Amino acid sequence: MNSTIRTYNLYLHFWLLLAVALFSGTFELIGQQQDTLETKRYSESDRRWLLDLPLWIPGLRGKLAYGELEFSSGGGDSEREFDRLNGDTGLEFYFSARFQLDLGKFQIYADGFTGRIGTSFQFQRPDGSATELVYYRVNGSIVRLMGGYALLDSGPEPKLPWKLYGYLGVRYINMSLFSQLPGGSDLVNVEPSFFEPMLGAVIALDPGRFRIEAHLDASTWDNNFTWALSNSVRYRISPLIDVHLGTAWYNIDYRKELGGQTFDMDISLFGPTAGVGFWIK
């Protein structure tokens, strides 16, 4: 029930944001009667700054483990749960934002998201003396900063203008895992974080007032491996505002010794995205 309410609230917030954007676009159109269809075409626009406010509602697959404690989404032999720890992962919220600056053949791109996953579970003490209800919380943030160059560019003249960018950048991942027994002692309290270099590619097709984008990047550093894939279809309501729908998929495989215990994270986050973008001169 709580998960349903949280999902409903996320959808409600998005549609309220979308309604504001639509009204803003309508007022701008009224105030700018001189704007033609061409001014709204992505390939011919002179607006280079983009502030994007997407909503992402991902599902979680995989496992998070610290020492002998582990919980997972289930669904495979490798996604087992320890007998002492039984609970279903619940996504509480995720929020993301994106910034982009186009400089001719060069592009600067930054995005990030933050959110929280939580679950309640029955924990049996190692000596078998008691079984207690425990809450487990995982806060996570991922930030990417990239610089791109247009390796291939069709120019604005074709009916279907397109560009292929190559990217170099850095990714920062911060996780915070916390769980406390009813008596007040910490069961888990660790905060792994790390930077990793990344390579990526972006292709963008601009059929008129639509833009179709696909992003792929990967990082491998110190025996860790992360990759991300996203795609979207954008539609330009006005020279200032566009809306988009798409999907995003993150996969994080990370293992490290923390506080004398092994922290092991192998998770995938996948789900739909939708949002509003503001193009500023």
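The values are calculated or read from the model by the stated rules, or taken from the named source; none is laboratory data. Note that the coordinates shown come from a computational prediction; the quantities given were computed from them, not determined experimentally. Every residue, glycine among them, receives a Cβ derived from its backbone with ideal geometry; neighbour counts consider all protein chains shown. What goes into the accessible areas is simple: the full protein's heavy atoms, side chains included, and nothing from ligands, DNA or RNA. Shrake-Rupley method; radii C 1.70, N 1.55, O 1.52, S 1.80 Å.
For residues that are within 15 Å of Met146 (Cβ to Cβ) and of a type outside the set (A, V, I, L, M, F, W, C), tally how many sit in the range 164-215.
Looking only at that region, the number is 11.
In the range 217-238, what residues are surrounded by 14 or more Cβ atoms within 10 Å (Cβ to Cβ), out of contact with any Ser or Thr (no Cβ under 7 Å at 6 or more places or on another chain) and β-branched (Val, Ile, Thr)?
Thr220, Ile237
Name the residue, out of Ala214, Ala204, Ala248, that is touching a Gly at 6+ places or on another chain (Cβ under 8 Å) and either open to solvent by 10 Å² or more (accessible area, probe 1.4 Å) or over 23 Å from Thr114 (Cα atoms) (or both).
After ruling out the rest, the residue left standing is Ala248.
If you go through the range 241-265, how many residues are within 13 Å of Met175 (Cα to Cα) and touching a Lys or Arg at 6+ places or on another chain (Cβ under 7 Å)?
The total comes to 2.
Would you check which residues across the range 210-252 are touching a residue at least 60 places away in the same chain (Cβ under 8 Å) and assigned to a loop (DSSP other than H, G, I, E, B) and list them?
Ile237, Ser238, Pro239, Leu240
What pairs can you find where one residue is in the range 264-280 and farther than 17 Å from Pro192 by Cβ, the other is surrounded by fewer than 20 Cβ atoms within 10 Å (Cβ to Cβ) and among the basic types (Lys, Arg), and their Cβ atoms are less than 6 Å apart, with a gap of 6+ or different chains?
Going by the 6 Å Cβ cut-off, the qualifying pairs are Ser268/Arg61; Trp279/Arg47.
Based on what the data block shows, is Ser176 part of a strand (DSSP E or B) and in contact with a Lys or Arg (Cβ under 6 Å, 6 or more places away or on another chain)?
Judged against the criteria, Ser176 is not a match.
Which of the residues belonging to the range 199-235 are modelled with pLDDT of 95 or more, charged (D, E, K, R) and more than 15 Å from the chain's Cα centre (by Cα)?
Matches in the range 199-235: Arg211, Glu213, Arg234.
Do you know which residues across the range 130-181 are of a type in the set (A, V, I, L, M, F, W, C), open to solvent by less than 30 Å² (accessible area, probe 1.4 Å) and over 21 Å from Phe225 (Cβ atoms)?
Listed by number, the residues that qualify are Val134, Ala150, Leu181.
For Gly277, are the conditions met, namely being in contact with a Pro (Cβ under 6 Å, 6 or more places away or on another chain), part of a strand (DSSP E or B), of a type outside the set (Asp, Glu) and surrounded by 15 or more Cβ atoms within 10 Å (Cβ to Cβ)?
no
Take Arg255 and tell me if it is over 24 Å from Pro54 (Cα atoms) and touching a residue at least 24 places away in the same chain (Cβ under 8 Å).
yes
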